[in-house]
Amino acid sequence: MGERVASFDKGCLLWLTGYTQTEDNHWLAKGTPPVAPFPKKTYFAALLQIMLDELRLFIPKSREMMTSWLVCGYIAWMCQWFPHIEWILQTEKEDKVVELINYCRILYRRQQSWLSDRIQLRVDNTRELILSNGSRIVGVPKGVNQVRLFHPYGVMFDEAAFLPEFNDCYNTVQPVAKQIIAVSSPAPGPFWDECQLGL
């Protein structure tokens with residue numbers, strides 16, 4: 001499952017769809033189970049392939065596409081299968097930071113026990129997960145000073161179009177982060193300008 005491929009038969013998507021589960025607070029309205037594996041949506045494979053290939057990625061999204069979930073799944077998978085990887089997750093508000101870390105926590109806790117026995121969760125709090133292989137996921141709220149402290153492998157900006165200092169934060173981590181993924185609903189500003197340039 002540690003293969004860097006975009007396939008439902010191996011790698012990240014195999015783990016997400018076959019070996020762990022998500023939780024859905026809207027399950028009753030949807031008529032779906034409250035706890036279930038990731039759905040096998042074809043666009044997940046296409047998006048994951050881009051995440052595996054691109055070091056700088058801006059992803060415009062609409063609600064209910066599970067894009068943030070997929071990026072968090074990619075990050076949680078990467079930190080389990082590759083030692084000493086650090087990811088920073090930044091979004092505007094503290095409660096959303098807690099939610100993003102919880103996405104990763106749910107995927108870790110809901111995976112099959114032989115996987116969690118292989119790599120243990122050593123630190124588990126509302127803003128940080130540290131695994132026994134030395135990998136780490138840290139959540140921070142808005143502000144350029146929040147990201148300036150780190151030299152991570154990767155940075156995820158969630159709802160980047162709504163981060164007041166997104167451009168400054170991006171420019172701060174750009175020289176040190178190997179991979180940057182910015183995800184957002186559309187709104188005017190630097191995030192959307194960059195998306196338009198890629199069209």
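Report every pair of residues separated by at least 6 positions or lying on different chains whose Cβ atoms are under 8 Å apart, first residue within segment 129-151 and touching a residue at least 40 places away in the same chain (Cβ under 8 Å) and under 12 Å from ARG105 (Cα atoms), second of a type in the set (Phe, Trp, Tyr) and part of a loop (DSSP other than H, G, I, E, B). These pairs meet every condition: VAL138/PHE150.
Within segment 176-190, identify whether any single residue is within 27 Å of GLN49 (Cβ to Cβ), loosely packed, with under 13 Cβ neighbours inside 10 Å and more than 17 Å from the chain's Cα centre (by Cα), and answer yes or no. Yes, segment 176-190 has at least one match.
So, restricting to helices (runs of 4 or more DSSP H) that lie completely within segment 108-176, which ones have at least 2 residues that are within 25 Å of LEU57 (Cβ to Cβ) and in contact with a Cys (Cβ under 7 Å, 6 or more places away or on another chain)?
Working: elements: 113-118, 144-148, 166-173.
Once the helices (runs of 4 or more DSSP H) in segment 108-176 are filtered for at least 2 residues that are within 25 Å of LEU57 (Cβ to Cβ) and in contact with a Cys (Cβ under 7 Å, 6 or more places away or on another chain), what remains is 144-148.
Evaluate segment 24-34: report whether one residue or more is without any contact (Cβ under 8 Å) to a residue 60 or more places away in the chain, surrounded by 15 or more Cβ atoms within 10 Å (Cβ to Cβ) and either hydrophobic (A, V, I, L, M, F, W, C) or touching a Leu at 6+ places or on another chain (Cβ under 7 Å) (or both). If you could, list the steps in order and put the result at the bottom.
Step one: of segment 24-34, the residues without any contact (Cβ under 8 Å) to a residue 60 or more places away in the chain are 24-34.
Then drop every residue that is not surrounded by 15 or more Cβ atoms within 10 Å (Cβ to Cβ), which leaves 24.
If we keep only those that are either hydrophobic (A, V, I, L, M, F, W, C) or touching a Leu at 6+ places or on another chain (Cβ under 7 Å) (or both) as well, we get none.
So far as segment 24-34 goes, no, none of its residues is without any contact (Cβ under 8 Å) to a residue 60 or more places away in the chain, surrounded by 15 or more Cβ atoms within 10 Å (Cβ to Cβ) and either hydrophobic (A, V, I, L, M, F, W, C) or touching a Leu at 6+ places or on another chain (Cβ under 7 Å) (or both).
Within segment 104-124, residues that are surrounded by 14 or more Cβ atoms within 10 Å (Cβ to Cβ) reach partners that are outside any helix (DSSP H, G or I) and of a type in the set (D, E, K, R) with beta carbons closer than 8 Å, at six or more positions or on different chains, in the pairs ARG105/ASP124; ILE106/GLU23; ARG110/GLU23. One residue stands out in segment 73-114 among those that are under 18 Å from ALA161 (Cβ atoms) and hydrophobic (A, V, I, L, M, F, W, C): the one that is farthest from the chain's Cα centre (by Cα), namely VAL97.
Throughout, read-outs are computed from the coordinates displayed, never taken from laboratory work. These figures come from a predicted structure and were not determined experimentally. In this analysis, Cβ positions are derived from the backbone assuming ideal geometry, glycine residues included, and neighbour counts consider all displayed protein chains.
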